[in-house]
1. Using 20 Å as the Cα-Cα cut-off, could you pick out the over-long pairs in K271/K378; K215/K353; K98/K381; K271/K381?
2. Using only Cα atoms and rounding to the nearest 10 degrees, what angle (0 to 90) does helix 338-350 make with the longest principal axis of the chain?
3. With point charges of +1 on the Cβ of Lys and Arg and -1 on the Cβ of Asp and Glu, referenced to the Cα centre of region 208-267, which listed residue (Q245, G228, V257) lies farthest in the positive direction of the dipole?
4. Label K299 and R242 with points 7 Å out from Cα along Cα→Cβ: what is the distance between them in nm?
5. What are the extents of the Cα atoms of region 54-157 along their three principal axes, listed from largest to smallest and rounded to whole Å?
6. Provide the FRET efficiency to the nearest 0.05 for the K275-R163 pair, computing r from the beta carbons and using R0 = 45 Å.
7. In whole percent, what relative contact order does region 128-227 give with Cα contacts below 8 Å and a gap of six or more residues?
8. From Cα coordinates alone, what are the radius of gyration and Dmax values for region 114-213 in angstrom?
Amino acid sequence: MTNSKPDTQNPASDGKKAVVIGAGIVGVNVGLALLKKAYDVTILDRGEPGRGTSFGNAGGIAVSECAPIAMPGTLLNVPGWLMDPYGPLSIRWSYLPKMMPWLLRFIAASSKSRVEQISSELAAILNRVWEDYEPVIAEAGLNDAVFKKEGALGVYRSEKTRREAEYGIDLRRRKGIKIRDITKDEIMDLEPDLAPIFPCGVIEEDWGRVLDPFKIVTGLYKHFIERGGKFQTAEVTDFVYRDGQPRAAMTTTGDQVTFDTLVVACGAWSKTLAKRLGSPVPLDTERGYNTTVPYHDVKLSRTIISADDSIILTPMEMGIRVGGAVELGGLIAPPNYDRAKALFAKGKQVMPKLNAEGGTEWMGFRPSMPDSKPVISKSPKHRNVFFSFGHGHLGLTMGATTGRLISDLVTGSQAPIDMTPYRINRF
Ligand SMILES: Cc1cc2nc3c(=O)[nH]c(=O)nc-3n(C[C@H](O)[C@H](O)[C@H](O)COP(=O)(O)OP(=O)(O)OC[C@H]3O[C@@H](n4cnc5c(N)ncnc54)[C@H](O)[C@@H]3O)c2cc1C
């Protein structure tokens with residue numbers, strides 16, 4: 001480990017101790033951004049860095065995805081989805097009562113006027129993503145691990161389903177997202193191993209991807225340590241207060257880790273700690289599954305999104321990752337890998353040469369707010385506490401921008417966007 005000096009000396013913060021709880025893509029980016037502001041940063045995690053939800057996601061730098069998950073008409077589709085045990089949405093029924101408050105807010109967020117507003121607020125972050133990520137990726141020496149702005153290919157099984165997607169596509173175009181329609185022949189030219197079943201598609205031009213999400217988190221984490229950041233294995237359960245302010249994190253082993261500034265970045269597990277800090281928040285999880293199979297003899301050059309199948313296929317370093325869908329079931333229930341198998345079966349319809357041999361299955365907990373917006377916020381209760389979680393389907397994408405925005409909040413600098421839409425007490 002080296003202890004190089006931060007490049008930005010900030011007299012107001014020099015030597016001040018910041019603790020970030022959570023070493024996922026969000027926490028590591030926050031840690032790096034605070035190091036640059038001359039904070040003495042320690043990241044705490046109960047496990048190995050990058051082994052949470054950031055480990056096995058679909059790897060999309062999905063800057064074109066400013067449409068929220070709850071869209072006008074989503075509610076009408078829910079009964080049909082739930083009838084199909086392996087459809088795009090499933091619920092663990094025993095969890096439904098606990099999930100109800102979240103679901104009611106999710107439904108409220110699906111009105112046209114809310115969707116218009118939320119998509120602008122998501123676009124405000126997404127439009128900054130490449131500008132914020134590029135230097136972070138370059139400084140960490142990860143340029144070869146990220147394919148930038150190569151575009152994702154959205155495919156439709158019929159002209160009818162393309163027409164049904166028009167509202168979402170038009171919404172995103174209106175927010176400045178570049179989306180170009182293409183024909184069946186163009187689809188087959190771009191990706192000859194796709195089944196010839198898609199009469200039309202779109203290219204989402206600014207989308208990028210990483211070759212392995214885990215390598216990105218661990219690469220950034222290594223860079224954080226090389227720049228003098230510290231890491232401690234610790235599960236935080238509560239806080240110690242002095243003069244009314246939280247001043248130390250209490251861990252399961254009874255240790256107390258002191259801080260001047262605290263950032264909670266525990267992904268889907270942030271709710272309990274936020275409540276302990278006086279900020280109850282309607283965070284829940286949208287569980288997601290995937291299967292990653294070796295290439296065998298199939299070729300794929302870019303991310304494919306099949307809207308009709310609700311699946312996404314990403315070419316990665318270790319193979320093709322096939323996944324998607326949402327399972328509402330909380331943080332405790334064990335994974336149901338039949339869902340990964342069902343998604344893979346749909347993937348085989350999209351790409352018949354996919355071969356499950358040697359594949360690995362994974363389930364992760366998306367940290368989801370009912371309005372699809374992350375929490376990037378000061379605490380309304382404590383001036384030395386900040387929250388950075390709830391990135392849902394877009395945590396990898398928003399990692400560097402979140403780090404930058406949190407560092408602006410911590411140092412009291414002017415953020416480049418209005419931060420009001422992401423405050424923790426917006427509900
Ligand atoms: C199937 C699937 C596909 C996805 N695809 C994409 C995609 O293509 N693009 C994209 O941008 N996003 C995608 N996502 C979403 C993305 O993976 C998440 O938004 C992101 O990983 C969240 O990062 P995080 O750092 O907030 O949380 P995590 O990576 O989960 O990190 C949280 C960390 O906090 C630690 N922790 C929790 N509680 C405590 C505690 N009490 N004390 C100490 N440590 C604690 C955990 O151990 C963990 O390491 C996908 C998600 C899934 C499930």
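Values quoted throughout were computed directly from the atomic coordinates according to the rules given, and no laboratory measurement underlies them. Note that this is a predicted model, so its numbers are computed, not measured. Heads up, the Cβs are rebuilt from the backbone with ideal geometry, glycines too, and the neighbour counts pull from every protein chain shown.
1. Details: K271/K378 15 Å; K215/K353 27 Å; K98/K381 26 Å; K271/K381 16 Å.
The answer is K215/K353; K98/K381.
2. Tilt of helix 338-350: around 50 degrees.
3. G228
4. Between K299 and R242, the label points sit 6.4 nm apart.
5. Per principal axis, max minus min of the Cα coordinates gives 46, 34, 31 Å.
6. Working: r = 44 Å, r/R0 = 0.99.
Here the calculated transfer efficiency is 0.50.
7. Values: 108 pairs, mean separation 41.5, N = 100.
It comes to 42 percent, rounded to a whole number.
8. Both quantities, over Cα of region 114-213: 15.8, 46 Å.
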